[in-house]
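FYI, it's all coordinate maths here, none of it is from the lab. This structure is a prediction, so every number in the text was calculated from the model and none was measured. Neighbour counts run over all protein chains shown; Cβ positions are idealised from the backbone, glycine included.
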Amino acid sequence: MSNKLIDGKAIAAAIKKEIAKEVAALIDADKKAPHLAAVLVGNDPASETYVASKERACKEVGITSTTYRLAEKTSEKELVEIIEFLNNDPDVDGFIVQLPLPSHLNSDKILEHIHPSKDVDGFHPLNIGRMQLGLPCYLPATPYGVVELLKRSKVDIDGKHCVVLGRSNIVGTPLSILLSRKSNYGNATVTLCHSRTRDLNAIIQQADILIAAIGQPEFVKGDMLKKDVVVVDVGIHRIPDASNEKGYRLTGDVDFDSVREVVSKITPVPGGVGPMTIVSLLQNALSASQKKIY
Ligand code: NDP
């Protein structure tokens with residue numbers, strides 16, 4: 001089994017070393033360390049955990065990180081003022097506004113206030129448009145991480161049928177664009193599926209590469225798949241489990257146990273896509289400080 005596993009943790013660790021080396025080179029050249037800021041509104045526990053992991057990861061590679069913690073009741077005007085402040089702070093190379101935002105704030109409207117040159121989450125319409133056109137841009141972290149995982153695991157996607165389950169703006173849709181782009185790691189034939197897709201099982205059965213990002217625990221079963229398919233599991237869920245000392249276990253959108261025998265390669269949960277997401281954000285922060293894109 002072990003040679004089938006795409007080890008996201010190990011690949012992310014290797015990329016972190018590359019980033020740390022580049023950060024050290026900046027400092028040796030008397031330049032400042034990259035500075036990544038995060039704005040966290042409210043007390044969503046998953047967001048707290050994610051921001052804490054980002055802070056840890058920044059520290060590991062020598063990137064300066066600052067987190068702005070704002071109260072749940074923060075108004076749109078107050079949040080936009082912080083965004084404008086960060087847009088204009090020459091010390092901050094890039095920043096993110098952690099999603100989801102409390103329900104009284106419209107995230108699409110808020111994200112448009114981030115200056116595209118500092119939008120290291122790649123969610124601003126300008127960065128999304130540039131991605132679509134194949135122009136230099138910040139790529140959204142999870143899709144960027146998935147592409148990097150496949151590339152570094154030497155999965156050939158050229159001309160292959162890649163089925164993406166889920167069309168969210170942060171995962172499925174950008175992935176479908178990246179994998180089908182006319183570029184040196186692209187050229188896949190992509191089918192993007194969602195909750196209205198008819199005959200989903202017949203489409204899944206045709207996949208050479210299957211990417212599951214639908215937010216449904218263990219949805220993909222082994223008997224749905226073609227032999228030797230490559231499976232990337234983006235999903236992450238906590239399932240209550242009394243036999244586990246933590247009281248829960250982590251699982252993905254793929255039923256790992258039934259799928260493992262059928263696949264040629266698979267990402268585990270945890271330790272697959274998750275670690276790559278944070279590392280991709282670090283890569284964007286480094287690019288921002290090196291002015292590689294804007
Ligand atoms: P969303 O809930 O935003 O989107 C889910 C998508 O899946 C939608 O397009 C929806 O269709 C589709 N869908 C839902 N149920 C079905 C179904 N039964 N059949 C076909 N399509 C379906 O999810 P995200 O993209 O934000 O996240 C997906 C998963 O990835 C989640 O488990 C999330 O926790 C995880 N995740 C993991 C990350 C990581 O770093 N590892 C980062 C981001 C997300 P429709 O559009 O029609 O509603």
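Of note:
- Fraction of antiparallel bridges per DSSP, the chain only, in percent to nearest 5: 10 percent
- Within the same chain, lysines fewer than 8 places from LYS118 are excluded, and of the rest, those with a Cα less than 24 Å from its Cα are LYS16, LYS17, LYS21, LYS31, LYS32, LYS54, LYS59, LYS77, LYS109, LYS291, LYS292.
- Paired Rg and Dmax values of the range 99-160, which use every Cα atom, in angstrom: 14.4, 44
- GNM top mover of SER47, SER65, SER176 - the chain, alpha-carbon springs below 10 Å: SER47
- The range 213-258 - Kirkwood radius from inverse mean 1/r over Cα pairs (Å): 11.4 Å
- The range 185-236 - Rg (one decimal) and Dmax (whole number), Cα, Å: 11.0, 30
- Per-residue [θ]222 nm for the chain (sum of -39500 (n - 2.57) over DSSP H runs n ≥ 4, rounded to 500): -11500 deg cm²/dmol
- The trypsin sites (Lys or Arg not before Pro) of the range 44-131 that meet both conditions, a loop assignment by DSSP and at most 10 other Cβ atoms within 10 Å of the site Cβ, are LYS73.
- Take the Kirkwood radius over Cα pairs of the range 29-133, plug it into Stokes-Einstein at 10 °C and 1.306 mPa s, and you get 111 µm²/s for translational diffusion.
- Choice from PRO217, PRO90, PRO125 with maximal GNM fluctuation in the chain (Cα, 10 Å cutoff): PRO90
- Of all the options ALA71, ALA52, ALA242, the one that moves most in a Gaussian network model of the chain with Cα springs shorter than 10 angstrom is ALA242.
- Fully extending the segment from LYS227 to GLN206, taken as 0.36 nm per residue of separation minus the present Cα-Cα distance, adds 6.6 nm.
- Assuming charge only on the beta carbon of Lys and Arg (+1) and of Asp and Glu (-1), the dipole of the chain about its Cα centre is about 680 debye to the nearest 20.
- Residues whose placed amide H lies under 5 Å from that of TYR68, excluding near-sequence neighbours: ALA38, VAL39, LEU40
- Between LYS292 and SER103, the FRET efficiency from the beta-carbon distance, with R0 = 41 Å, is close to 0.70.
- Pair-distance profile P(r), taking every C-alpha pair of the range 157-293, with 10 angstrom steps and integer %: 12, 38, 34, 13, 3
- The share of alpha-carbon pairs in the chain lying farther apart than 27 Å comes to 42%.
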